[in-house]
Amino acid sequence: MRHLPVACLCLALAACGGDFSNDDLAFLNALPRREDLAAKLPAKNSGRSAGGLATRSSALVVRLGEPSKLMGDTEETGRAFNASVDALLSRLEDIRSLPPTTREPDRRVWGPYRDQNHAGYDVRFVMTREALSFDYQLEYRKTGTGEAGWWAFLRGTFESDAGIRKGVGGLHLDVERAEQEGLPATDVTALRRLDIHYQTKALPTRVELTFTPKNGAFPVARYTYREAQGSLGEMQFLMPGQDLVPGGLLEDLSLTTRWSPDGRGMAVLDVLSGDIRGAKYTECWDVRGRVTFTARSWDFFNPTEGERATCPDFSSLDG
């Protein structure tokens, strides 16, 4: 999902020109930027191999010194997470490029303009403010339908706290409404909606992506990224249908991975269903991505391998 079918307003705005007022900037600072929401993945190391649990015939046959497959899963998911964030926020960057066409004390409007990408549609971007709270919509209408014809494809909210772009917000892409209105949404046809919720006012910061499928084509998918002081990162997501241990059932897993900027990390797998439902697996790795410690809650004879002291301190992400 590289590009969402949101109109590129900057093409239409290019003839407007003008300057931003200080109050314009207050509105624009309510829009999130990529650096606010993107997952900061650990440094890539040449000693780390690609792939994840799905590449193993028996997922938790792990030996000390081997590359961590769980870190491979997190890196792959983190890149997809950032691509989804980019797909939404790149359209907000267009809004920042030129000043609004309409200014009111607590309202700004860019447009309306004929949509360059969808013949027969108009597009505009509207922001409103109440105290420190902002709402914004990317709106469409069929040309000639008047004010009552506008509907929102993208909605966003932001409640400001101390500091620029510090606060709580969300973005919501309504793919189902676009299809009902006849607006093509070809890059996200499998979805009914895409939602981002975030808080950047305090550490650890938090960003959550939720993908809601059309007609139950797949389970609702949630990916959560948190960041603590010192650029310590955490990614949490579900991994359904994994063949974790020999047996007749597949396992649904919840994976929480934490890492430091130099690449050291720790992962915890909680087994939600399957042959060993309720079990927990812990793994730590070094700067090369090599496993230094493992713990299996279901293994009474050899529950741990390696030294737990090799696991980094991630207590600032607890709670």
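The values are calculated or read from the model by the stated rules, or taken from the named source; none is laboratory data. Here the structure is a predicted model, which means the values were calculated and not measured. Backbone-built Cβ (ideal geometry, glycine too); neighbour counts: all protein chains shown. Keep in mind that these areas ignore ligands, DNA and RNA; they rest on the heavy atoms of the full protein, side chains included. Shrake-Rupley method; radii C 1.70, N 1.55, O 1.52, S 1.80 Å.
So the values come out like this:
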{"item": "Among the residues listed as F211, F237, F218, the single one being assigned to a loop (DSSP other than H, G, I, E, B), of a type in the set (A, V, I, L, M, F, W, C) and within 30 Å of E176 (Cβ to Cβ)", "result": "F218"}
{"item": "Residue ID - most open to solvent (accessible area, probe 1.4 Å), chosen from residues in the stretch 12-36 that are at pLDDT 85 or above and touching a helix residue (DSSP H, G or I) at 6+ places or on another chain (Cβ under 8 Å)", "result": "R34"}
{"item": "Strands (runs of 3 or more DSSP E) contained in the stretch 100-162 and holding at least 2 residues of a type in the set (A, V, I, L, M, F, W, C)", "result": "107-114, 121-130, 133-142, 151-160"}
{"item": "Residue match in the stretch 72-94 (condition: at pLDDT 90 or above, touching an Asp or Glu at 6+ places or on another chain (Cβ under 7 Å) and open to solvent by 10 Å² or more (accessible area, probe 1.4 Å))", "result": "no"}
{"item": "Any pair with Cβ under 7 angstrom, 6 or more apart, that starts in the stretch 207-224 at a residue that is within 12 Å of I196 (Cβ to Cβ) and ends at one that is of a type in the set (G, A, S)", "result": "L209/S84; F211/A221"}
{"item": "Selection count, the stretch 154-177, where residues are in contact (Cβ under 8 Å) with a residue 24 or more places away in the chain and open to solvent by 60 Å² or more (accessible area, probe 1.4 Å)", "result": "8"}
{"item": "Check on T186, at pLDDT below 95 and under 21 Å from the mean Cα position of the chain (by Cα)", "result": "yes"}
{"item": "Within the stretch 303-319, tally of residues that are open to solvent by less than 70 Å² (accessible area, probe 1.4 Å) and either more than 20 Å from M235 (Cα to Cα) or touching a residue at least 12 places away in the same chain (Cβ under 8 Å) (or both)", "result": "10"}
{"item": "Any hit, the stretch 37-57, residues being farther than 30 Å from A119 by Cα, out of contact with any strand residue (DSSP E or B) (no Cβ under 6 Å at 6 or more places or on another chain), of a type outside the set (F, W, Y) and modelled with pLDDT of 85 or more", "result": "yes"}
{"item": "Whichever residue in the stretch 221-234 is assigned to a strand (DSSP E or B) and of a type in the set (G, A, S) and, among such residues, is farthest from A38 (Cα to Cα)", "result": "A221"}
{"item": "Enumeration of residues in the stretch 240-259 that are farther than 19 Å from E66 by Cα and not in a strand (DSSP E or B)", "result": "D243, P246, G247, G248, L249, L250"}
{"item": "Subset of the stretch 163-177 that is assigned to a loop (DSSP other than H, G, I, E, B) and not β-branched (V, I, T) - its residue that is farthest from the chain's Cα centre (by Cα)", "result": "G163"}
{"item": "The stretch 191-226, subset surrounded by 15 or more Cβ atoms within 10 Å (Cβ to Cβ) and among the β-branched types (V, I, T), residue nearest to I164 (Cα to Cα)", "result": "T200"}
{"item": "Single residue of the stretch 95-111 satisfying the filter (charged (D, E, K, R) and open to solvent by 60 Å² or more (accessible area, probe 1.4 Å)) that is nearest to E139 (Cα to Cα)", "result": "R107"}
{"item": "Close pairs (9 angstrom Cβ cut-off, 6 or more residues apart or separate chains): at positive phi and in contact (Cβ under 8 Å) with a residue 12 or more places away in the chain in the stretch 92-121, open to solvent by 30 Å² or more (accessible area, probe 1.4 Å) and not in a loop (DSSP other than H, G, I, E, B) anywhere", "result": "G111/T102; G120/R114; G120/K142"}
